[in-house]
Amino acid sequence: MPYSGVVEDVRRALKGETPKRMPFFACSEEFDVRIAGEVYEKYCADSKTMARVQSAAVDRMGYDWTWLQVDDCILFEQLGVGVVGQGNILRATKDYRPATRATLNSLKKPNVKKSGRCPVLLDAIKRMKDKYGDTLMVVGRTEGPFSSVGLLYGIEATNFLLFEDRALLADTVKFFIDLQTEFGLAQFAAGADALWYGDCNASSHLMSLQTYRDVVAGPMGEVAQAYRKAGGITILHASEEKPEYARVMAESGVDVVSIGPGGNLAECHAAIAKKAAVIGNVDPIGQLMNGTPASVAAQVEDILRTVSVKGGHLINSGEMVPRDCPEANIRAFGETVRALWPKLVR
C-alpha cells in the first residue's frame with residue numbers, strides 16, 4: 001500500500017540500486033474503472049471521477065502509484081483526428097489527417113493547460129498528489145514524437161513517409177517535440193512525479209534498428225531530456241522485447257525502459273544496465289487474466305529473484321491489465337511483492 005519514500009525507491013532503481021521496498025505497480029486503469037463500478041467514458045472526461053476511481057483502486061488494491069494513462073486521443077482529437085469510443089470502450093483515433101505539408105502547416109498547438117480534456121488530466125494529477133503527497137507516485141502520460149506522427153497521419157501513412165518524404169516526417173516530428181514537451185511539463189507542474197511515455201509505433205515490431213536510431217531515438221530523447229531537466233521521471237513504453245532496441249532506448253536519455261510481456265526481461269535488463277532502469281514484465285494475459293493466484297505468484301517471485309535483486313529494476317505488468325482480470329490475481333501480484341521482497345534484500 002502507499003508509503004512515504006516510494007519515489008525515492010524508484011530513484012534508487014534509476015541509479016542501478018535495489019529499492020528498500022519494492023513498489024507494487026500495475027498498468028491497471030481499465031481494471032480499476034471496473035472494480036470501482038464506473039463507466040470508462042465518464043472516467044476519461046471528468047477529473048473528479050478519475051481521481052475518485054484511482055483513489056478507490058489505490059486504497060483497495062494497495063498500488064504504490066496511480067497510473068493516469070487515460071487514452072491516446074487527448075491531444076489528437078484537438079488536431080482534427082477522428083475519435084471513436086463509448087461506454088467502456090476506450091477512445092481511439094481514426095479518420096487520420098492527410099500526410100501532407102498542407103496538413104502540417106494547418107496545425108495549431110492546443111493550449112495544454114486549457115483546451116480539450118487536457119485540464120481534466122491535469123486536475124486529476126493535482127487531486128491525487130494533494131491527497132497522497134509523497135506516499136504515492138503519480139504518473140501522467142505523453143506520447144513520443146514519432147508515435148505522435150502516427151496518431152496524426154496513421155501508422156501506414158507515417159511509415160510510407162520514411163521512404164517518400166523524410167523532410168515532412170522530420171518537420172512533423174519537430175511539431176510534436178514542442179507539443180509533447182509542453183504537455184509533459186504541464187503535468188509535472190500539476191504534481192506528476194513521472195510520465196508514462198508511450199511510443200508503441202516505434203519499436204522492433206515495426207522498424208529496423210537502424211531506422212530507429214536514425215529517426216526515432218534522437219527526438220524521443222530530446223523530449224525526455226526536457227522532462228529530466230524539470231525534475232521528472234520518464235518511463236518509456238514501446239512494449240519492446242529485443243535487448244538491442246532496449247539498449248538504444250536507454251541510451252537516448254529516458255530514465256526507465258518498459259519491457260513488453262513477450263520479452264526476455266533478464267536479457268533486456270543486462271543490455272541496459274547502468275544506462276537506465278527496467279520496468280516489467282508480468283504477463284497481463286497469460287497470468288493476470290488467465291492464470292491463477294498461484295501461477296501469478298510464481299511468475300512474480302521468479303522476476304524478483306532473477307532480475308529485481310540485481311538492482312535497476314521495478315516490477316510491473318508488461319502491458320495494460322485487461323478490464324475483466326480476476327481481482328484475486330492482482331492481489332496475488334501485490335501480496336507476493338510485499339511478502340517476498342523484504343526477505344530478498346534483508
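The values are calculated or read from the model by the stated rules, or taken from the named source; none is laboratory data. Everything numeric here is computed off the predicted structure, so don't read it as measured data. Cβ: placed from backbone, ideal geometry, glycine included. Neighbour counts: every protein chain shown.
Out of Val278, Val254, report the one residue that is among the aliphatic types (A, V, I, L, M), part of a loop (DSSP other than H, G, I, E, B) and buried (at least 24 other Cβ atoms within 10 Å of the Cβ). Of the residues listed, the single one that is among the aliphatic types (A, V, I, L, M), part of a loop (DSSP other than H, G, I, E, B) and buried (at least 24 other Cβ atoms within 10 Å of the Cβ) is Val254. Scanning the range 310-337 for residues that are over 20 Å from Val10 (Cα atoms) and more than 19 Å from the chain's Cα centre (by Cα) yields Asp324, Cys325, Pro326, Glu327, Ala328, Asn329, Arg331, Ala332. Output the residues belonging to the range 126-149 that are touching a strand residue (DSSP E or B) at 6+ places or on another chain (Cβ under 9 Å) and among the small types (Gly, Ala, Ser). Those that are touching a strand residue (DSSP E or B) at 6+ places or on another chain (Cβ under 9 Å) and among the small types (Gly, Ala, Ser): Gly140, Gly144, Ser147, Ser148. Filter the range 203-238 down to the residues that are over 18 Å from Leu179 (Cα atoms), in contact with an Asp or Glu (Cβ under 6 Å, 6 or more places away or on another chain) and among the hydroxyl-bearing types (Ser, Thr, Tyr) and list them by number. Answer for the range 203-238, where residues must be over 18 Å from Leu179 (Cα atoms), in contact with an Asp or Glu (Cβ under 6 Å, 6 or more places away or on another chain) and among the hydroxyl-bearing types (Ser, Thr, Tyr): just Ser203. Screening Lys20 against (1) part of a helix (DSSP H, G or I); (2) touching a residue at least 12 places away in the same chain (Cβ under 8 Å); (3) over 17 Å from Tyr132 (Cα atoms); (4) over 20 Å from the mean Cα position of the chain (by Cα) leaves a single unmet condition, (1). Taking every residue in the range 143-161 that is assigned to a strand (DSSP E or B) and surrounded by 24 or more Cβ atoms within 10 Å (Cβ to Cβ) and pairing it with any residue that is aliphatic (A, V, I, L, M) and at pLDDT 95 or above, at least 6 positions away or on another chain, the pairs with Cβ-Cβ distances below 7 Å are Glu143/Leu151.
The residue of the range 281-290 that is nearest to Phe333 (Cα to Cα), among those that are touching a Pro at 6+ places or on another chain (Cβ under 8 Å) and part of a helix (DSSP H, G or I), is Leu288.
Scoring Glu267 on the criteria (1) within 18 Å of the chain's Cα centre (by Cα); (2) surrounded by fewer than 23 Cβ atoms within 10 Å (Cβ to Cβ); (3) at pLDDT 95 or above leaves a single failure, condition (1). Selection of strands (runs of 3 or more DSSP E) fully inside the range 39-104 by the criterion of at least 1 residues being surrounded by fewer than 19 Cβ atoms within 10 Å (Cβ to Cβ) returns 82-86, 89-94.
For the range 291-341, a residue qualifies if it is free of Cβ contacts under 8 Å to residues at least 60 places away in the same chain and either of a type in the set (Ser, Thr, Tyr) or over 29 Å from Ala271 (Cβ atoms) (or both), and the qualifying residues are Thr292, Pro293, Ala294, Ser295, Thr306, Pro326, Ala328, Asn329, Ala332, Glu335, Thr336, Ala339.
Within this structure, Tyr197 fails the test of being crowded, with 24+ Cβ neighbours inside 10 Å, within 17 Å of the chain's Cα centre (by Cα) and part of a helix (DSSP H, G or I). Within the range 233-244, residues that are in a loop (DSSP other than H, G, I, E, B) sit with their Cβ atoms under 7 Å from residues that are of a type in the set (Val, Ile, Thr) and buried (at least 21 other Cβ atoms within 10 Å of the Cβ), at 6+ positions apart or across chains, in these pairs: Glu241/Ile259.
Within the range 133-146, can one find any residue that is among the aliphatic types (A, V, I, L, M) and farther than 30 Å from Val53 by Cα? Taking every residue of the range 133-146 in turn, none turns out to be among the aliphatic types (A, V, I, L, M) and farther than 30 Å from Val53 by Cα.
Answer with yes or no whether Leu169 is touching a residue at least 60 places away in the same chain (Cβ under 8 Å), hydrophobic (A, V, I, L, M, F, W, C) and either over 25 Å from Gly318 (Cα atoms) or in contact with a Gly (Cβ under 9 Å, 6 or more places away or on another chain) (or both). Criteria not met by Leu169.
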